[in-house]
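The values are calculated or read from the model by the stated rules, or taken from the named source; none is laboratory data. Computed from a prediction, not measured in an experiment: that's the story for all the values here. Glycine also receives a Cβ, built like all others from the backbone with ideal geometry; neighbour counts cover every protein chain displayed. With ligands, DNA and RNA removed, areas are computed over all heavy atoms of the protein, side chains included. Shrake-Rupley method; radii C 1.70, N 1.55, O 1.52, S 1.80 Å.
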Amino acid sequence: MPIARILRETAIGETRLVALDNTVRPMALHLERLSDRETRAYLGDVLGARLRAIHPRQGGGFVELTSGENAFIRLDEGHGLTEGQSLLVEIVAEARRDKLARVQKSSAAAANQNRQERWRLALPGAGGVAIEDVSIGDIEISAAWDEALSASVTLPGGGTLHIQPTNALVAIDLDTSGRNDPGRAAARALRINTEAAQELARQASLRNLGGAMVLDCVSPINRDAGIKVRDSFLTAFKGQSHRNVRALAPSAFGLMEASVAWGAAPLADRLLKPDGEPTDETLCLESLRQLQREARSQPMARLTLALPQRAFEWMTASRLDLQGQLDETFGARLTILPHDQSKPDIFPT
């Protein structure tokens with residue numbers, strides 16, 4: 001479905017955006033953090049770089065970006081570049097867990113460097129949709145982020161998709177428990193497999209998932225039904241993203257394979273540890289967001305945030321002066337202290 005609204009929540013330390021369709025389902029997310037401003041290259045950024053090494057056997061070389069990151073660049077034969085040379089590059093795939101960013105040569109020195117605007121314009125059909133600013137803690141933005149980080153998602157007609165990224169691929173299991181579709185078995189299977197394929201397309205876009213994906217479809221599924229399931233996935237994905245995508249009809253084992261080009265880094269890579277727990281930064285910024293929401297709802301109150309120790313240590317080490325930004329916005333009425341609990345606590349001072 002086309003993008004109907006784009007919401008932006010600007011909090012101290014990070015800005016979050018969500019694109020919604022006309023049924024208020026989140027279709028795409030964008031995150032910018034203060035800590036990334038000078039050190040992280042975003043999809044579509046055009047940056048200066050220096051070619052550090054050429055590796056013909058790997059089909060390219062490694063460059064150092066002005067952001068300080070290293071990245072891989074593919075080079076054709078006869079590229080004419082030499083090690084140590086300066087060049088202009090565009091980020092075509094962001095760095096993700098254990099993977100370098102990927103770049104290509106660029107001559108567009110005046111490229112659009114407004115990341116939020118560039119993200120909006122890259123959404124199919126969103127060119128005429130304005131960005132709306134919302135209050136901190138907006139329920140639709142919070143719900144979208146929770147969905148994008150959840151291991152499971154409920155299908156509109158019932159049933160559940162379990163989404164499990166691994167080092168090799170993204171495995172998607174389709175659970176039909178609690179669903180009772182009418183009709184013949186083949187027709188029921190086609191309905192739920194098609195719905196699952198369309199939902200997978202939305203989730204891949206929402207979560208910034210890429211690479212190999214495998215959807216375990218329910219049976220029975222014949223050749224014609226398999227083609228319909230594959231086509232429904234491709235149509236849905238192309239309606240939400242400009243990334244290259246390929247897919248095969250489900251195999252004899254009921255497995256639909258897809259390959260999606262990488263773009264922005266998966267949100268889970270940026271927000272969560274490998275064990276699924278929030279990173280120290282994520283915990284800190286979420287706690288500060290809760291504090292800001294309470295401070296705005298109680299404009300005269302003096303409040304204290306008891307911040308989990310690991311999040312407090314990250315805030316201190318970051319040198320972003322988040323406390324100073326809070327003081328500038330709310331006056332000196334908000335205090336942050338460390339405590340030994342795993343969850344933040346906010347109380348009147």
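For every residue, the table says whether it meets (1) at pLDDT 95 or above; (2) open to solvent by less than 70 Å² (accessible area, probe 1.4 Å); (3) closer than 30 Å to ARG8 by Cβ; (4) touching a helix residue (DSSP H, G or I) at 6+ places or on another chain (Cβ under 7 Å).
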| position | (1), (2), (3), (4) |
| --- | --- |
| VAL46 | no, yes, yes, no |
| ALA71 | yes, yes, yes, no |
| ASP98 | no, no, no, no |
| ALA101 | yes, yes, yes, no |
| ALA109 | no, no, yes, no |
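Within the stretch 134-153, residues that are over 14 Å from GLU14 (Cβ atoms) and of a type outside the set (A, V, I, L, M, F, W, C) reach partners that are outside any loop (DSSP other than H, G, I, E, B) and open to solvent by 40 Å² or more (accessible area, probe 1.4 Å) with beta carbons closer than 8 Å, at six or more positions or on different chains, in the pairs SER135/ARG293; SER135/ARG296; SER152/HIS162. Of the candidates ARG50, ARG16, ARG5, the single residue that is at pLDDT 95 or above, open to solvent by 20 Å² or more (accessible area, probe 1.4 Å) and closer than 21 Å to SER135 by Cβ is ARG5. Within the stretch 231-241, not a single residue is part of a strand (DSSP E or B) and either touching a residue at least 60 places away in the same chain (Cβ under 8 Å) or loosely packed, with under 14 Cβ neighbours inside 10 Å (or both).
Each row is one residue, and each column tells you yes or no for (1) open to solvent by 50 Å² or more (accessible area, probe 1.4 Å); (2) closer than 18 Å to GLY13 by Cα; (3) touching a Gly at 6+ places or on another chain (Cβ under 7 Å).
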residue: LEU288; (1), (2), (3): no, yes, yes
residue: ARG296; (1), (2), (3): yes, yes, no
residue: PHE330; (1), (2), (3): no, yes, no
residue: LYS343; (1), (2), (3): yes, no, no
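Selection of the stretch 301-316 for residues being surrounded by fewer than 16 Cβ atoms within 10 Å (Cβ to Cβ) and of a type in the set (A, V, I, L, M) yields only ALA301. Across the stretch 207-230, the qualifying residues are those that are farther than 21 Å from ALA28 by Cα and part of a helix (DSSP H, G or I), and the one among them that is most open to solvent (accessible area, probe 1.4 Å) is ARG223. Screening ALA186, ALA204 for residues that are more than 19 Å from SER251 (Cα to Cα) and assigned to a helix (DSSP H, G or I) leaves exactly one candidate, ALA204.
The set of residues from the stretch 167-183 being open to solvent by less than 70 Å² (accessible area, probe 1.4 Å), in a loop (DSSP other than H, G, I, E, B) and not hydrophobic (A, V, I, L, M, F, W, C) comprises THR176, ARG179, ASP181, GLY183. For SER86, the criteria (1) surrounded by 11 or more Cβ atoms within 10 Å (Cβ to Cβ); (2) touching a strand residue (DSSP E or B) at 6+ places or on another chain (Cβ under 6 Å); (3) not hydrophobic (A, V, I, L, M, F, W, C) hold in every case but one, which is (1).
Of the set (1) out of contact with any Lys or Arg (no Cβ under 7 Å at 6 or more places or on another chain); (2) at pLDDT below 95, all apply to ARG289 but (2). Scanning for something open to solvent by less than 20 Å² (accessible area, probe 1.4 Å), in contact (Cβ under 8 Å) with a residue 60 or more places away in the chain and within 19 Å of ALA148 (Cα to Cα), does the stretch 243-265 turn up at least one residue? Among the residues of the stretch 243-265, at least one is open to solvent by less than 20 Å² (accessible area, probe 1.4 Å), in contact (Cβ under 8 Å) with a residue 60 or more places away in the chain and within 19 Å of ALA148 (Cα to Cα), which makes the answer yes. The residue of the stretch 117-161 that is most open to solvent (accessible area, probe 1.4 Å), among those that are touching a Gly at 6+ places or on another chain (Cβ under 9 Å) and not in a loop (DSSP other than H, G, I, E, B), is LEU121.
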